[in-house]
1. Roll a 1.4 angstrom probe over the protein heavy atoms and tell me the percent of accessible area of the range 38-80 that is carbon or sulfur.
2. About its Cα centre, how strong a charge dipole does the chain have in debye, to the nearest 20, once Lys and Arg get +1 and Asp and Glu get -1 at the Cβ?
3. If you count only protein heavy atoms with a 1.4 Å probe, what accessible area per residue comes out for the chain, rounded to a whole Å²?
4. Step through the residues of the range 33-45 one at a time and calculate ³J(HN,Hα) from phi using the Karplus curve (6.51 cos²θ - 1.76 cosθ + 1.60, θ = phi - 60°), rounding each to whole Hz and writing x for Gly and Pro.
5. Could you grab the relative contact order for the chain? Cα pairs under 8 Å, six or more apart, rounded to a whole percent.
6. Residues of the range 1-36 with amide nitrogen under 12 Å from the 7 Å Cα-to-Cβ point of Val116?
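The values are calculated or read from the model by the stated rules, or taken from the named source; none is laboratory data. No experiment lies behind these values; they were computed from the predicted model shown. All Cβ positions, even for glycine, are placed from backbone atoms using ideal geometry, and neighbour counts span all protein chains on display. Calculation scope for accessible area: heavy atoms of the full protein, side chains included, ligands and nucleic acids excluded. Shrake-Rupley method; radii C 1.70, N 1.55, O 1.52, S 1.80 Å.
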Amino acid sequence: SALSGRAIETREVTADGHWLIRRLSGTLDGQLFEAIGLIGFDVEHGRFTGTWTDTRLGSLVLFDAAYSPENRRMAGTFRPANSYGTGQLSRFEEALTPDGAGILEISETTAAGPSVVALRIVYSPPT
């Protein structure tokens, strides 16, 4: 069954303008839910990189992504920090409009092979 919840996300650009801090706070299936992410551009590799953790994960996630300005879509892979380098990857894709609406999906590959959407966050613009 799908998880359901509601949260507010705030975004803050660091003083040097190279990193974006994302914070979510709300509920997920009736439980308090908080998350924090840090994302920035890795000049050496020409890709976005960052970290994410939330109250359900219990660990730090590292991710690597590319951004397509034409369709405002970021897509990449992530893995728990404790298994970094093992090749155990999940995929994520996020598309947001300038007003803040959009979707973030995290997909995981099952043992049988097919990819399954494990988490979908639907963003609404601020009111």
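1. 57
2. About 200 debye.
3. Details: 8520 Å² over 127 residues.
Accessible surface, normalised per residue, equals 67 Å².
4. 9, 9, 9, 9, x, 10, 9, x, 9, 8, 4, 4, 9
5. Taking the mean separation of contacting Cα pairs over the length of the chain, I get 12 percent.
6. Only 1-2 fall inside the zone, counting backbone N under 12 Å.
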